[in-house]
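Participant: Take a look at the following structure, please.
The values are calculated or read from the model by the stated rules, or taken from the named source; none is laboratory data. Remember, it's a predicted structure, so these values are computed and weren't measured experimentally. Cβ placement follows ideal geometry from the backbone for every residue including glycine, while neighbour counts extend to all protein chains displayed. Each accessible area value is taken on the protein alone, full model and side chains, heavy atoms only, with ligands, DNA and RNA left out. Shrake-Rupley method; radii C 1.70, N 1.55, O 1.52, S 1.80 Å.
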Amino acid sequence: MTLLDAARDRLDAMIADARTLIACESPSEDPAAVERSADVTAAVVDARLAQAGLAVPVERIVVDGAPHLRWTFGGGARRVLLVCHHDTVWPLGTLQRIPFSLADGVMRGPGCYDMVVGTVQALHAVCALASAGGAAAVDGVTLLVTADEEVGSPSSRALIESEARKHGAALVLEASGPGGAVKTERKGVSWYELEVMGRAAHSGLEPERGVNAGVELAHQILALASLADVDAGTTVTPTRGAIGTTGNTVPASARVSIDVRCRTAAEQDRVDAALHALRPVVAGARLVVHGGVNRRPLERSSASSLFERASALAAEAGIEALDQVAVGGASDGNFTAGVGTPTLDGLGAVGGGAHADDEHVLVEHIPSRTALVALLIRDLVREGTR
């Protein structure tokens, strides 16, 4: 039996596991919900591993209250890190409005695409390999399922980076790009807040005594927008802002959030330096820049060798041609690539509607995507033992 045959045989089980995980709502910022999600995820994974003959206990790693899960297979050198997360963006009660459903080959439900099905595919890829070749087939593999990816991975970042440094490659089971393309490039993300401090005054009686922080912010927003570089793929976007306190007071304070996306670390550093070099225009105003780089880019060079390997294996997984795509959104793959570990992202579900009401997964692709992950793991483990 080929790994594709094995994945096809496991499809009903994968759908059942996806349904169980979707039914446990897991908004990142609800500690009780994420705790329940960790319990359910661990139970699903442990049960499938036991069926495959893998007696590997889950390690529950709690950081700042967030429960991350890790399964380490074998005692050999670390070859492959499988990166997943069990939190979602959907608030409690979403299931009442968007219940799990499966009709005409389309799965729906909150979190199905981002990234329940990807996690299920990673699990069953490991199980298919172990069922066919025993525990040795996955010696050197680690499955990591974190709890806070959707809010920027504040508590899991150090864990992800530490694990990535130990492994020869990272496979990220985030949802695919359009048409099933894997993600070989992700922009780096930097988040800032620019704070402006002025001086308050009555806007009718003596406005000249004030220092208008709102006017200063207007100058700075234009300066921020000018830092973008379309040709380099760099965006600098002022987003949420606030000015002043009352309608008849010269504002003494103002602030704006800034979202920066860059294809290269060099561009991130350029924008960071430019932000810290901003100077006030309005006499008497002061500026303070908060924040910095959140995720370094997943540059194409980090993914190229793994993409070539996946492309060569695609036909064996029943995939006619594997495409690649560059995206602006970030993932934990930015962290693994940022510490120098070769990383291939977007190996998860094929579908669409991430974070939207029409979130869905095309079920026909689940076996082939699972087989591709299994083939990549097998190839990387075997290479490491030669």
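Participant: So which of Ala337, Ala330 ends up being assigned to a helix (DSSP H, G or I) and either in contact with a Lys or Arg (Cβ under 8 Å, 6 or more places away or on another chain) or of a type in the set (S, T, N, Q) (or both)? Spell out how you get there, then give the answer.
Facilitator: On the way: Ala330 fails: assigned to a helix (DSSP H, G or I).
Sole residue among the options that is assigned to a helix (DSSP H, G or I) and either in contact with a Lys or Arg (Cβ under 8 Å, 6 or more places away or on another chain) or of a type in the set (S, T, N, Q) (or both): Ala337.
Participant: Look through region 339-362, keep the residues that are surrounded by fewer than 21 Cβ atoms within 10 Å (Cβ to Cβ) and among the aliphatic types (A, V, I, L, M), and return whichever of them is farthest from the chain's Cα centre (by Cα).
Facilitator: Here the answer is Leu362.
Participant: Something else about it: Look at region 340-382 and say how many of its residues are in a loop (DSSP other than H, G, I, E, B) and closer than 18 Å to Ala314 by Cα.
Facilitator: Going residue by residue through region 340-382, those that are in a loop (DSSP other than H, G, I, E, B) are 340-342, 346-350, 353-359.
Among the residues that remain, those that are also closer than 18 Å to Ala314 by Cα are: 346-350.
Here the count works out to 5.
Participant: Taking the condition of being open to solvent by less than 20 Å² (accessible area, probe 1.4 Å) and in contact (Cβ under 8 Å) with a residue 60 or more places away in the chain, how many residues in region 303-321 meet it? Talk me through it step by step, then tell me what you get.
Facilitator: Taking region 303-321 as the starting set, the residues that turn out to be open to solvent by less than 20 Å² (accessible area, probe 1.4 Å) are 303, 306, 310, 314, 317.
Retained after the next criterion (residues that are in contact (Cβ under 8 Å) with a residue 60 or more places away in the chain): 303, 306, 310, 317.
The number of residues fulfilling the criteria is 4.
Participant: Suppose we filter Val282, Val289, Val271 for residues that are in contact (Cβ under 8 Å) with a residue 24 or more places away in the chain, open to solvent by less than 60 Å² (accessible area, probe 1.4 Å) and assigned to a helix (DSSP H, G or I); which single one remains? Outline the logic, then answer.
Facilitator: Numbers: Val282 fails: assigned to a helix (DSSP H, G or I); Val289 fails: assigned to a helix (DSSP H, G or I).
After applying the criteria, what remains is Val271.
Participant: Taking Asp30 as meeting all but one of (1) closer than 19 Å to Leu144 by Cα; (2) out of contact with any His (no Cβ under 9 Å at 6 or more places or on another chain); (3) not basic (Lys, Arg), write down the number of the exception.
Facilitator: Here Asp30 meets the rest and fails (1).
Participant: Determine if region 62-72 includes at least one residue that is touching a Ser or Thr at 6+ places or on another chain (Cβ under 7 Å) and among the basic types (Lys, Arg).
Facilitator: Yes, region 62-72 contains a residue that is touching a Ser or Thr at 6+ places or on another chain (Cβ under 7 Å) and among the basic types (Lys, Arg).
Participant: Select from region 91-118 the residues that are open to solvent by 10 Å² or more (accessible area, probe 1.4 Å) and within 15 Å of the chain's Cα centre (by Cα) and write down the one among them that is nearest to Ile15 (Cα to Cα).
Facilitator: Among those residues, the one meeting the criterion is Val116.
Participant: While we're on this one: Here is a list of conditions, (1) open to solvent by less than 60 Å² (accessible area, probe 1.4 Å); (2) closer than 22 Å to Asp12 by Cα, and Val34 meets all of them except one; can you say which number that is?
Facilitator: For Val34, the failing item is (2).
Participant: Output the residues belonging to region 322-336 that are open to solvent by less than 10 Å² (accessible area, probe 1.4 Å) and over 30 Å from Pro99 (Cα atoms).
Facilitator: Let us first name the residues in region 322-336 that are open to solvent by less than 10 Å² (accessible area, probe 1.4 Å), namely 331-336.
Once the filter is applied, which keeps residues that are open to solvent by less than 10 Å² (accessible area, probe 1.4 Å) and over 30 Å from Pro99 (Cα atoms), region 322-336 yields Asn334, Phe335, Thr336.
Participant: Test of understanding: among Ile221, Ile160, which residue is under 13 Å from the mean Cα position of the chain (by Cα) and among the aliphatic types (A, V, I, L, M)?
Facilitator: Checking each option against the conditions leaves just Ile160.
The rows are residues; the columns are (1) part of a helix (DSSP H, G or I); (2) open to solvent by 10 Å² or more (accessible area, probe 1.4 Å); (3) closer than 30 Å to Gly284 by Cα.
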position: Pro154; (1), (2), (3): no, yes, no
position: Ala158; (1), (2), (3): yes, yes, no
position: Arg165; (1), (2), (3): yes, yes, no
position: Glu185; (1), (2), (3): no, yes, no
position: Val196; (1), (2), (3): no, no, yes
position: Leu205; (1), (2), (3): no, yes, yes
position: Glu216; (1), (2), (3): yes, no, yes
position: Ile221; (1), (2), (3): yes, yes, yes
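Participant: Taking the condition of being in a helix (DSSP H, G or I) and surrounded by fewer than 24 Cβ atoms within 10 Å (Cβ to Cβ), how many residues in region 131-148 meet it?
Facilitator: In the first step, residues of region 131-148 are kept if they are in a helix (DSSP H, G or I); the result is 131-133, 135-138.
Those still in the list that are surrounded by fewer than 24 Cβ atoms within 10 Å (Cβ to Cβ) too: 131-133, 135-137.
Selection size over region 131-148: 6.
Participant: Answer yes or no as to whether Ala232 is surrounded by fewer than 15 Cβ atoms within 10 Å (Cβ to Cβ), closer than 20 Å to Leu298 by Cβ and at pLDDT 95 or above.
Facilitator: Against the criterion (surrounded by fewer than 15 Cβ atoms within 10 Å (Cβ to Cβ), closer than 20 Å to Leu298 by Cβ and at pLDDT 95 or above), Ala232 qualifies.
Participant: Next question, about the same structure. Cβ-Cβ under 8 Å, sequence separation 6+ or interchain: first residue in region 41-52 and farther than 18 Å from Thr88 by Cβ, partner of a type in the set (Ser, Thr, Tyr). Which pairs?
Facilitator: Correct list of pairs: Ala52/Ser131.
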